[in-house]
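**Q** Take a look at this one; I'll ask things after.
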Amino acid sequence: MKHHKLKKELTQFRKTDKKGLIIGSIVATLLAISPYLYYLYESVPNTQVWSTFLFTFDAGRLENANYVMWLITGKALPLMFLLIWFFTCRHWWYHVILVPISMYLYQIISIFNDSILAVDESQLMYLFPIMAITIPTIYLIRAKMFDKINTANKTMEELEAEFMIRPKSFWGKLKQYF
């Protein structure tokens, strides 16, 4: 009976380990090809309309498809790095990474939004609500941690473990924030 239970646990471990290996491989591949992804804009022509066999892209008010792709790669890659950092960070302060994530998301949206005339302008106004929630929350967590350090004589590792209750799945983690 004990052998069957051990075999079942080993099978479960292999499934979990295989999933982690696949996700880790995808993340490692994205990081390794990131310089190539950045220079993808160089393959886009300097024209208003870029036509391929898959799609047609009109640069709109920005007038140059190459320039638009340069803007997108310059915003999307840091966003990708920040998302990887956010979902893999094991520190208690990882919620602060949401602020630059929001900034890059806003900048990418503003590239495609014709009502916004200049990219990277007035973004602080839109980031203020996110910062107004995130920064005090992190400060309160920090204050609570230092209070516990001083009163309960806990180590920093014990406190981080206490604050790091995380869902196991990607969707569970995503639902935690929205």
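Read-outs throughout are calculated quantities, based only on the coordinates presented, and are distinct from any laboratory measurement. Bear in mind that the values here come from a model prediction, so they are computed numbers and not experimental data. Neighbour counts run over all protein chains shown; Cβ positions are idealised from the backbone, glycine included.
**Q** Among D17, D58, rank each residue by its count of other Cβ atoms within 10 Å, from fewest to most, as a rough exposure measure. Walk me through the intermediate numbers first.
**A** Details: D17 10, D58 14.
The order, fewest Cβ neighbours first, is D17, D58.
**Q** Here is a follow-up. What ranking do S102, S25 get, fewest neighbouring Cβ atoms within 10 angstrom at the top?
**A** Working: S102 19, S25 10.
Result, fewest neighbours first: S25, S102.
**Q** Whole-Å semi-axes of segment 19-72's equivalent ellipsoid, largest first, each the root of 5 times a Cα gyration tensor eigenvalue?
**A** Details: eigenvalues 181, 28, 16 Å².
Listed largest to smallest, the semi-axes of segment 19-72 are 30, 12, 9 Å.
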